[in-house]
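Please treat every number below as a calculation from the coordinates, not as lab data. Please read these numbers as outputs of a predicted model, since none were measured by experiment. Positions of Cβ are backbone-derived with ideal geometry, glycine not excepted, and every protein chain shown enters the neighbour counts.
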Amino acid sequence: MEPMELVEEIKRAVEYTKQKEYKKAEKLYLELLKEYPDNNTVLSFLGLLYFNLRKFKQAEKYLECSYNISKSAAIVSYIGLCKFYLTKYKSATTYLKDAVIENKTYDVYCALIKSLYMSEDYKTAFEYSKKAYELFPTDETIMYYLGYNSLQSGCFKECEHFVNKFFRLNSKSSGVWHLKGLLQEVLYFNEKGARECYRKMTQYGAKASGYMNLAISYSKDTSTRKKMYYYLQKAKSLSPNMHGLNFLYASYYLSRRQFKKGYKYYVNPDIASQDDVDWFSRFKNPWEGGSFKDETLFVFGDQGLGDQIQFFRYLPFLAKKFKDLKIMVAQPLYSLFKRSYKKYGNIKFYPRKKTSFPRYDKSVFMADVIYYLNKGFKNIPYSQGYMISDNKKIEEYKIKYFDTDNLKIGICWESGGAGIRDQIHRTLNVELFEDIINMPNTKVYSFQVKPSLENYKKYPNLIDLGATFEDFDDTAAALKNLDVLVTVDTSVAHLAGALGVKTFMILPYCPDWRWFDNDKTTEWYDSITIFKQKINEDWDTVFERIVKQLSQSIDPLNKL
């Protein structure tokens with residue numbers, strides 16, 4: 001049966017498809033694959049059949065097999081779309097980027113842009129949004145993507161320009177009112193104006209999304225948290241599975257130290273980043289508490305670097321419940337964590353890899369361990385510090401950068417890995433640190449890695465240590481040479497706290513849930529002192545307090 005007979009059989013399967021006799025077509029393709037398992041044409045036709053039947057998992061399998069045999073431009077868009085519909089956004093982008101080179105269709109562009117912003121790659125999403133806008137300049141979905149991704153990329157003025165165009169196109173679109181509300185929040189700091197826009201969203205059809213945005217807006221003020229809960233309930237009644245809803249519920253309860261109520265939402269996969277979901281979808285047999293002394297637990301270090309540092313304090317408690325722990329951590333943390341837990345013979349660390357995984361019996365997200373251990377927020381363990389830095393590296397940094405009698409101050413002004421709503425309050429302009437940088441009898445070091453702006457370079461006396469860091473082992477060694485770190489809420493703050501390094505942490509008026517309502521100290525880290533806004537957007541007063549505290553310490557008779 002080669003090759004004409006095979007061609008005839010394929011034509012027969014195609015004819016079945018035209019006549020909507022899909023079962024017959026499927027059966028025939030599968031029979032052909034038994035005899036010709038590596039036939040590219042049969043694989044691709046079967047994959048396309050499944051795609052048109054919206055059986056995306058099966059379609060993905062056969063289309064990828066076909067593509068691996070022959071890199072067909074005609075097939076790549078379908079693979080990308082399969083992965084998109086299966087919510088495998090990270091891997092979808094790889095194929096869809098190739099697809100739009102040849103296949104500039106509306107569906108492919110929309111899938112690519114949404115996959116990118118679901119993967120939190122907003123800058124790339126913005127670039128493709130602009131390309132899509134050139135092709136579809138009056139499409140409202142493309143206009144929304146363009147505005148949203150320009151905003152998330154920090155291009156506020158460009159966003160304003162696109163939103164005004166969008167508004168002229170359709171002033172009754174719920175999407176344009178969402179963008180207007182976000183601009184009021186992050187560009188004008190006008191929550192009242194933002195809420196008016198979100199109410200317009202509900203008026204023009206996006207009720208659930210409008211209510212959720214109202215909940216987010218009201219979450220920023222401790223005096224309006226009841227309204228936050230009210231709008232969360234309204235959003236949930238309309239769309240109980242809306243993305244992000246569980247995280248808001250978790251934040252609402254956890255910020256009030258209501259541990260069990262909050263973590264019931266926090267452990268829901270809905271709050272995980274898309275990257276974490278892509279990883280954890282491969283793991284089996286979830287652990288949800290209890291001891292299994294003859295089994296191995298696989299622990300996946302989820303969320304951001306700071307989260308991994310914060311929650312890894314619970315590993316010693318976990319180690320008592322299993323024969324072995326196998327921990328997968330982000331690559332920059334691997335060496336530091338491996339050293340810090342060296343004394344535990346049943347804990348082994350692995351850097352994140354996409355090709356191989358250790359054998360295990362059960363698995364869990366690291367950030368969920370606190371819940372399944374039922375540890376709560378009373379008597380948080382190891383608040384004095386639990387990370388161990390490399391003594392050799394500490395000495396190397398001391399000799400090269402810290403051989404001085406002056407007060408040694410580290411600064412960090414940008415956070416990463418968060419959406420624009422968080423970053424706008426957790427990322428500051430380095431110019432706010434100017435009085436610290438210019439203080440007499442001090443040496444000031446930047447711990448910022450790859451700052452988004454280059455205005456830090458205008459301070460010649462600011463020593464750029466961030467450029468020397470290859471991983472968090474380097475960062476830890478440098479931190480141990482400081483007298484004090486002054487930082488926004490970011491992973492470096494968690495690292496300093498876990499090392500027991502004196503830290504002044506700058507928090508916005510309504511911070512992340514984990515800092516609760518604290519305004520001076522935190523139960524998580526004894527070495528951290530909190531400097532928190534008392535009035536929203538008033539950073540000047542915060543920095544005046546910090547400079548005053550530092551000035552008192554420059555006198556050698558005083559100590560931090």
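Could you work out the helix-only [θ] at 222 nm for the chain, with each DSSP H run of four or more residues adding -39,500 (n - 2.57) and the total divided by the number of residues, to the nearest 500 deg cm²/dmol? List each step's numbers first, then the result.
On the way: 27 runs with 292 residues, N = 560.
Calculated from helices alone, the mean residue ellipticity at 222 nm is -15500 deg cm²/dmol.
Please state the charge dipole magnitude for segment 391-554, taken about the Cα centre, from unit charges on C-beta atoms (+1 on K and R, -1 on D and E), reported in debye and rounded to the nearest 20. Spell out each step's value before the answer.
Working: 19 positive and 26 negative charges, 43 e Å.
Charge dipole of segment 391-554: 200 debye, to the nearest 20.
Shape of segment 146-211 from the C-alpha gyration tensor: oblate (a/c of 1.5 or more and a/b not above b/c, with a ≥ b ≥ c the square roots of its eigenvalues). 3J(HN,Hα) couplings calculated from phi for segment 118-126 with the Karplus curve 6.51 cos²θ - 1.76 cosθ + 1.60 (θ = phi - 60°) are, in sequence order, 5, 8, 6, 9, 5, 5, 5, 4, 5 Hz; Gly and Pro show x.
Farthest toward the positive end of the dipole of segment 276-372, out of LEU333, MET366, GLY290, is the Cα of LEU333, where the dipole comes from beta carbon charges about the Cα centre. For LYS18, which lysines qualify as cross-link partners when the Cα separation must be under 16 Å and same-chain residues fewer than eight apart are set aside? The reachable lysines, counting only those whose Cα sits under 16 Å from LYS18, are LYS27. Fewest-first ordering of SER452, SER77 by other beta carbons within 10 Å of each residue's beta carbon gives SER452, SER77. For segment 206-219, the Karplus equation 6.51 cos²θ - 1.76 cosθ + 1.60, evaluated at θ = phi - 60°, returns couplings of 9, 5, 4, 5, x, 5, 5, 5, 5, 4, 4, 4, 6, 6 Hz by residue, with Gly and Pro reported as x.
Rg of the Cα atoms in the chain, relative to 2.2 N^0.38 Å, amounts to 1.10.
Within the same chain, aspartates and glutamates fewer than 8 places from LYS90 are excluded, and of the rest, those with a Cα less than 19 Å from its Cα are GLU60, GLU64, ASP98, ASP107, GLU120, ASP121, GLU127, ASP270, ASP275, ASP276, ASP278, ASP302.
Each principal axis of the Cα atoms in segment 424-529 has its own extent, and those three values, largest first, are 37, 28, 27 angstrom. Using only side-chain charges placed at the Cβ, +1 for Lys and Arg and -1 for Asp and Glu, the dipole size of the chain relative to its Cα centre rounds to 1820 debye. The label point for LYS104 and the one for MET4, both projected 7 Å from the Cα toward the Cβ, are 4.3 nm apart. In terms of packing, defined here as the mean over residues of other Cβ atoms within 10 angstrom, the peptides 10-16, 145-151, 135-141 line up highest first as 145-151, 10-16, 135-141. Within the shell defined by Cβ-Cβ distances under 14 Å, the residues around LEU28 carry a net charge of -1, with Lys and Arg each +1 and Asp and Glu each -1.
A cut-off of 5 Å between modelled amide H atoms, ignoring neighbours fewer than 5 places along the same chain, links TYR350 with ILE327, MET328, VAL329. Here LYS61 and SER223 are evaluated by their C-beta separation; at R0 = 56 Å the FRET efficiency comes out at 0.55. Backbone geometry of segment 225-236 corresponds, through the Karplus equation with coefficients 6.51, -1.76 and 1.60 at θ = phi - 60°, to 3J(HN,Hα) couplings of 5, 5, 5, 4, 5, 4, 6, 4, 5, 5, 5, 5 Hz, x marking Gly and Pro. Legend: residue pairs LYS114/LYS200; LYS362/LYS480; LYS157/LYS457, Cα-Cα distance threshold 28 Å; pairs beyond threshold, LYS362/LYS480. Between the amide H of ASP302 and those of MET366, ALA367, distances stay under 5 Å, these residues lying 5 or more places away or on another chain, with hydrogens modeled in the peptide plane. Given axes a ≥ b ≥ c from the Cα gyration tensor, I'd like to know whether segment 276-372 is rounded (a/c under 1.5), prolate (a/b larger than b/c) or oblate. Here segment 276-372 falls in the rounded category.
Relative to the present Cα-Cα distance, how much length would full extension add between ASN406 and VAL547 at 0.36 nm per residue of separation? Roughly 49.2 nm would be gained on extension.
Rg and Dmax of segment 6-154, based on Cα coordinates, read 17.4, 57 Å.
Work out the FRET efficiency for ASN68 and ASN455 from their Cβ-Cβ distance, taking R0 = 45 Å, and round it to the nearest 0.05. Efficiency for this residue pair is about 0.40.
Once both labels are positioned 7 Å from their Cα atoms along Cα-to-Cβ, the gap between ARG256 and LYS353 label points is 4.7 nm. Using the Cβ of TYR204 as centre and a radius below 14 Å, the other residues enclosed give a net charge of +3, where K and R count +1 and D and E count -1. Considering only THR442, TYR29, TYR459, and ranking their Cα positions along the charge dipole of the chain that arises from unit charges at the beta-carbon of Lys, Arg, Asp and Glu, the one farthest toward the positive end is TYR29. Here's how it looks for LEU465: its modeled amide H is under 5 Å from those of SER446, which are all 5 or more places away or on a different chain. Taking the number of Cβ atoms within 10 Å of each Cβ as an exposure proxy, the fewest-first ranking of TRP177, TRP524 is TRP524, TRP177. Listing SER72, SER340 from fewest to most neighbouring C-beta atoms within 10 Å gives SER72, SER340.
Straight-line reach from LYS532: taking Cα to Cα under 17 Å and skipping same-chain neighbours fewer than 8 places apart, the lysines in range are LYS220, LYS502, LYS520, LYS548. Each of the peptides 113-126, 389-402 was scored by the mean count of other Cβ atoms within 10 Å over its residues; in descending order, highest first, they stand as 113-126, 389-402. Take the Cβ atoms of TRP539 and LYS342, set R0 to 41 Å, and the FRET efficiency comes out at 0.50.
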